[in-house]
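J.: Below you will find the structure I want to go over with you.
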Amino acid sequence: MKIADGLKVPPRLHAAQVAYFQSMKPWLCTDIVAYSDLPQGRAMLLVDRNEPPVKGVLWFPGGGKSKNIGLEDFVNDKMKAECGIGIGNDARIIKQLGAFDFSTANDLPWVPGMGVPGMSDGFHAVSVNYLVQVSSKAVDAIKVDSTSARHHWLTMDELRGYGRKIGGFHPYFAETTNAAASELGLIPKLDLS
């Protein structure tokens with residue numbers, strides 16, 4: 001038996017057993033609520049995701065946390081990789097918004113395909129989220145990578161209108177957006193129902 005991070009791992013652990021053990025624990029993620037002050041008002045950066053568990057959904061940049069890297073360094077790496085700008089001259093971390101629980105089943109009626117293929121009981125993550133201010137000079141420099149189809153800068157009013165159009169937001173999305181809106185003094189908030 002090998003020792004990995006203090007745990008004894010059987011030498012011939014089958015892939016199905018590994019998948020089972022992984023399915024019993026939530027993923028650790030970091031999502032980034034980036035904002036900037038634009039002519040139409042304070043707006044948040046959102047992306048149309050190309051990958052599960054939120055494929056085809058308007059969402060935040062971010063994702064599964066990498067090992068052996070600090071949270072703020074990970075935020076910088078994600079901003080660079082997914083948005084084409086980094087923390088420094090282009091953007092700055094305002095604060096950690098907190099830890100949020102996110103779960104979904106593959107059969108959510110309001111979002112076809114939301115979830116992770118092969119995970120019949122859905123996807124579960126704990127996400128440590130950050131509020132990031134993007135400088136006005138970097139707004140036009142945003143270039144999304146292959147994890148997203150495109151990006152949008154939306155004010156809270158525009159987000160509320162979009163939410164009415166699609167029949168509401170996932171509770172995690174609304175809770176995270178509302179936490180950021182509270183920090184920024186923005187109203188009205190997104191409805192959690």
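The values are calculated or read from the model by the stated rules, or taken from the named source; none is laboratory data. Values in this document were obtained by computation on a predicted structure and should not be read as measured data. When the accessible area is computed, the model is the full protein with side chains, heavy atoms only, and any ligands, DNA or RNA have been set aside. Shrake-Rupley method; radii C 1.70, N 1.55, O 1.52, S 1.80 Å.
J.: Take the cross-link list 80/189; 67/95; 95/189; 95/137; 25/65 and give me the ones stretching past 23 Å between alpha-carbons.
T.: As for pairs spanning more than 23 Å Cα to Cα, those are 80/189.
J.: Can you tell me the accessible area per residue over segment 150-193, all protein chains present, probe 1.4 angstrom, in square angstrom?
T.: Numbers: 2310 Å² over 44 residues.
Counting only protein heavy atoms, the per-residue value for segment 150-193 is 53 Å².
J.: Work out how much length residue 67 to residue 162 would gain on full extension: take 0.36 nm times their residue separation and subtract the Cα-Cα distance, in nm to one decimal.
T.: Values: separation 95, 0.36 × 95 = 34.20 nm, distance 3.53 nm.
Taking 0.36 nm per residue and subtracting the Cα distance, the gain is 30.7 nm.
J.: Explain nothing, just compute: Karplus ³J(HN,Hα) = 6.51 cos²θ - 1.76 cosθ + 1.60, θ = phi - 60°, for every residue of segment 37-54 in order, whole Hz, x for Gly and Pro.
T.: 8, 10, x, 7, x, 5, 10, 9, 8, 10, 10, 8, 6, 9, 10, x, x, 10
J.: Applying the Karplus parametrisation 6.51 cos²θ - 1.76 cosθ + 1.60 with θ = phi - 60° to the phi angles of segment 55-62, what ³J(HN,Hα) value in whole Hz is obtained for each residue in order, glycine and proline being reported as x?
T.: 4, x, 10, 5, 8, 8, x, x
J.: Let me ask something else about it. Return the long-range amide H neighbours of residue 51 (sequence gap of 5 or more, or a different chain), with a cut-off of under 5 Å between placed amide H atoms.
T.: Amide H to amide H, under 5 Å and 5 or more residues apart or across chains, residue 51 pairs with 56.
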